[in-house]
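The values are calculated or read from the model by the stated rules, or taken from the named source; none is laboratory data. Keep in mind that what you see is a predicted model, and the values were worked out from it rather than measured. Here the Cβ is made from the backbone with ideal geometry for all residues, glycine too, and neighbour counts use every protein chain on show.
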């Protein structure tokens, strides 16, 4: 998936409608936003340059254009630009990385905290697509903000159709495993091996597995092997050991050669890279490697990246590989995390049901004064590219859900016709996208935050935590106490996922307060 759709050069001179976003990873550790309002600390999440906040403490679109790529999404005035366009994201690595940092008693680095990945880690109860209605259903709801009087949060949700076991195409998987010296620790190669064994145990007849390793050299451990030889696959995985330097580029080239052996039009072909990302790429530059991956996507081979370890873990590199490979980026810090990816969500991990999925929200300027898309900074797409089917976007797997949140300032009397959400997507092997439109209805606007659905309230709590953890200037006056109350009220008895999040908020509380006190 091609995330970079706005370059700094695009923003020179008068900017055409839709060119407000800067589609690159932000949140650098250096610098800081300048708080121009009274009582604001000016603490930001920017790299060099910074940005200037308006009198309400919000980043204006005009000030955001003066910074480089290191920014959070600004508020946009609908009179200037009523359209917001972005590609979907189903990656979840950010939440797992954040969880691990907090459990080890440290705040995650700001560039690791991606709001969309935090929110999309959790499961929400969206309606299933009606029979014959396409690969996904769209859900819209909104409620007043629990943080800022006069503002609202709008939730846009997609629910992918769940394929049954009989509907799932045969999967031809090529495991590309980093066995360099940096993978020796228990939370790296040993955990990766257990995750692979779990994945193999959840495959079925007709699926195949190939295994390639890379360190100082590249080794073809196992050619494409069917499930009738599962014991042989398990033995090959078990024999893996770490040692040596790393040359990822050569490993990927060999993995693709193995994947090409089973490539056909009736099955899924996917390379799954397991690494700590702390790799040089041999004689191949990182840019050339991304170009190679993109070329193989056109042939029908996609890429999933699974990260392990902390310290020298290269999150951004692993995410870029998955993006270019039209796949997903995960991070595994435990057997429970591996089970979630390779067992509970296996269908979505392996099979794409819609590709190049773009969303465009058309706000009514008569009802919405300003808006900001929360997160998705490196998923923004120029409005003019929404109907350009050559522009790459995100992929939706079987059973996947996608959630996006907007913060809005409404005008008096807002309700029916607040916004229309348009979705464009292609079939997994298609080249022409289809489009659907979904208007926001007045009944979907809750009269108070307390009467909103528990899913909307919980998603708001997760979003708020992510904003605090990345030190977003938009959350400068938000309270972790409020977030805890919201999350607690939206966590039903027995929901272990949400209960874990509550425990993480308790871990984050003293760490955030220590930062605020500096």
- Query: Which condition number in (1) at pLDDT below 95; (2) within 27 Å of residue 149 (Cα to Cα) is the one that residue 403 fails?
  - Reply: (1)
- Out of all the residues in segment 461-478, is one or more in contact (Cβ under 8 Å) with a residue 40 or more places away in the chain, more than 20 Å from residue 402 (Cα to Cα), surrounded by fewer than 12 Cβ atoms within 10 Å (Cβ to Cβ) and in contact with a strand residue (DSSP E or B) (Cβ under 8 Å, 6 or more places away or on another chain)? no
- Task: Would you mind listing the strands (runs of 3 or more DSSP E) fully within segment 366-452 where at least 1 residues are in contact with a helix residue (DSSP H, G or I) (Cβ under 9 Å, 6 or more places away or on another chain) and in the same structural domain as residue 120 (by TED's automatic domain parsing)?
- Result: 368-374, 394-397, 401-410
- Item | Residue in segment 343-358 that is farthest from residue 301 (Cα to Cα), counting only those that are surrounded by fewer than 22 Cβ atoms within 10 Å (Cβ to Cβ) and without any contact (Cβ under 8 Å) to a residue 60 or more places away in the chain | 344
- Quick one: would you say residue 488 is assigned by TED's automatic domain parsing to the domain that holds residue 504, out of contact with any strand residue (DSSP E or B) (no Cβ under 6 Å at 6 or more places or on another chain) and in contact (Cβ under 8 Å) with a residue 40 or more places away in the chain? no
- Task: Would you point out the residue of segment 170-189, among those that are part of a loop (DSSP other than H, G, I, E, B) and more than 23 Å from the chain's Cα centre (by Cα), that is farthest from residue 333 (Cα to Cα)?
- Result: 170
- Among residues of segment 202-249, those that are surrounded by fewer than 17 Cβ atoms within 10 Å (Cβ to Cβ), in contact (Cβ under 8 Å) with a residue 24 or more places away in the chain and not in a strand (DSSP E or B), counted: 13
- So how many residues does segment 298-342 have that are surrounded by fewer than 19 Cβ atoms within 10 Å (Cβ to Cβ), in a helix (DSSP H, G or I) and either at pLDDT below 85 or not assigned by TED's automatic domain parsing to the domain that holds residue 269 (or both)? 3
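Let's see how each residue does on (1) more than 13 Å from the chain's Cα centre (by Cα); (2) under 23 Å from residue 316 (Cβ atoms):
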site: 368; (1), (2): yes, no
site: 372; (1), (2): yes, no
site: 377; (1), (2): no, yes
site: 381; (1), (2): yes, yes
site: 390; (1), (2): yes, no
- So which residues in segment 427-439 are surrounded by 17 or more Cβ atoms within 10 Å (Cβ to Cβ) and modelled with pLDDT under 95? 428
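Do the conditions hold for residue 167, that is, is it farther than 30 Å from residue 478 by Cα, in contact with a strand residue (DSSP E or B) (Cβ under 7 Å, 6 or more places away or on another chain) and in a loop (DSSP other than H, G, I, E, B)? Steps first, answer last, please.
Working: farther than 30 Å from residue 478 by Cα: yes; in contact with a strand residue (DSSP E or B) (Cβ under 7 Å, 6 or more places away or on another chain): no; in a loop (DSSP other than H, G, I, E, B): yes.
Taking the combined requirement at face value, the residue does not satisfy it.
Take segment 477-511 and flag every residue that is at negative phi and not in a helix (DSSP H, G or I). Reasoning before the result, please.
Let us first name the residues in segment 477-511 that are at negative phi, namely 477-493, 495-511.
Correct list: 477, 478, 479, 490, 491, 492, 493, 495.
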